[in-house]
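Heads up: the structure comes next, in structure tokens.
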């Protein structure tokens, strides 16, 4: 997923809450029209669809046999893309390169603890990748691994 850097929180826990809200798809518009998003995300989309054509919308591919056809969900602040698994590595590399080029953020949705990258002076930089456990009963103290009983 790519996103507007100005719209996204910069801590993992807040970002993940924001991500959940974004993927509820509650905005009052069609999610296949790049006119509904920012200039930077629209430019990213236009270049991305040269390699991975859109499945739906006004930029949809006419080639039903093209294995690179991908499903784009375009929100005001995010573009979420679903690719064929066989294209995962190429898609990841292309998304990352174009996110950096167009100055938008990148979130690796496919990974359990995926990188959240924000543009910073022409490069993408990761935010702190640690997670917090909301079920932590230690009162904020660091807990021991289960195998350390002392």
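What follows is calculated from the coordinates using simple rules that are stated; it is not laboratory data. Because the structure is a prediction, the values reported are computed rather than measured. Using ideal geometry, Cβ is built from the backbone for each residue, glycine included, and neighbour counts are taken over all protein chains shown.
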Projected label distance in nm at residue 35 and residue 6, using a 7 Å step from Cα toward the beta-carbon: 2.2
Inter-part distance where the range 1-72 and the range 97-128 are each reduced to a Cα centre, Å: 14
Residue exposure sequence - 110, 58, 38 - by fewest surrounding Cβ within 10 Å: 58, 110, 38
Sorted by Cβ neighbour density within 10 Å, fewest at the top, the residues 117, 124: 124, 117
Long-range tail of P(r) for the range 2-126 (Cα pairs > 22 Å, %): 31
Stretchable slack from residue 87 to residue 46, in nm (0.36 nm times residue separation minus alpha-carbon distance): 12.9 nm
Full-stretch length increase - residue 27, residue 112 - with 0.36 nm per residue and alpha-carbon distance subtracted: 28.0 nm
